[in-house]
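Report on the following structure.
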Amino acid sequence: MRWSRIMWNRVGFCVFLVGLLSVPNVASAELYRWVFDQSVYQVDPGATVDVSVYLEEAIEAGDTPIFDSSQGDGLGSIGLAVYWNDAPPSDPAKVLNDSDVSENPAFDFVDTAAALADHAELNELILFNDPVYGVEDPTDTFRVLAGTFTFTAGSVAGEETLIRATDLDPGQDDTLDSLGNVALDSLIAEATATVNVVPEPGSLVLVLTGALGGLALLYRRAHRASRP
């Protein structure tokens, strides 16, 4: 009985070791974050602009990058939300329709692509395709396109809308490696950018014309006052 118990303990320990070795090494030095393709988007009143969001993995020496096709497992799913209500102006830029949310075609199934009252959601995953890997950047990072959100600007020139990329559903694992062993959700830092409404060219000309006219008037008054 004692010998049998020892043998079972050894078998259990071996199974435990195999389980540990099968899970990819996600070192604490790795940094995951959402990244916008621009920090500021300039758009005319009422016009649209495409906002692309990437998931970035930064690597340091000794780390095993998930997004590297030569050694990592790749991604099996991505889930994110983009908000525009953190500090909204009077007429914020918004994603108006579900069709304004576009996935990364490397994923072969879209579970969620929705435009809601204050944010847009996207959740995509692989079913039959190969894992999704990142494109390496010279700064020791890999980036995977999460998706593209088409924003429609507000009507008020000069207003600025803060947009924020974050986890789709806190508490639920929807961004996973292709084996389902590593949940990245809680490791991903948020990102922010702004959508700025600029005056239309015609309006800008009127503003400049008015400003020049005012300067000319001030010059004439000053010139007259300087006469003896």
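No lab work stands behind these numbers, since they all come straight from the coordinates. What you see is a predicted model, and the numbers here were worked out from it, not measured in a lab. Glycine also receives a Cβ, built like all others from the backbone with ideal geometry; neighbour counts cover every protein chain displayed.
For Leu127 and Gln71 in one chain, what is 0.36 nm times their gap in residues minus the Cα-Cα distance, to one decimal in nm?
Net length gain for the segment: 18.1 nm.
Rounded to the nearest 0.05, what FRET efficiency do Leu116 and Arg143 have when you use their Cβ-Cβ distance and R0 = 30 Å?
0.70
Compute the signed sum of charges (Lys and Arg +1, Asp and Glu -1) over the other residues within less than 12 Å, Cβ to Cβ, of Val49.
Numbers: positive: Lys94; negative: Asp37, Asp44, Asp50, Asp100.
Net charge in that neighbourhood comes out at -3.
What does the charge add up to near Asn129, with Lys and Arg as +1, Asp and Glu as -1, over the other residues with Cβ less than 13 Å from its Cβ?
Summing Lys and Arg as +1 and Asp and Glu as -1 gives -4.
Given labels modelled 7 Å from the Cα in the Cβ direction, how far is it in nm from Thr64 to Leu96?
4.8
Calculate, in nm to one decimal, what Asp108 and Asn181 gain on full extension: separation in residues at 0.36 nm each, minus their alpha carbon distance.
24.3 nm
For a quick check: sort Thr112, Thr139 by the number of other beta carbons within 10 angstrom, fewest at the front.
Ascending number of Cβ neighbours within 10 Å: Thr139, Thr112.
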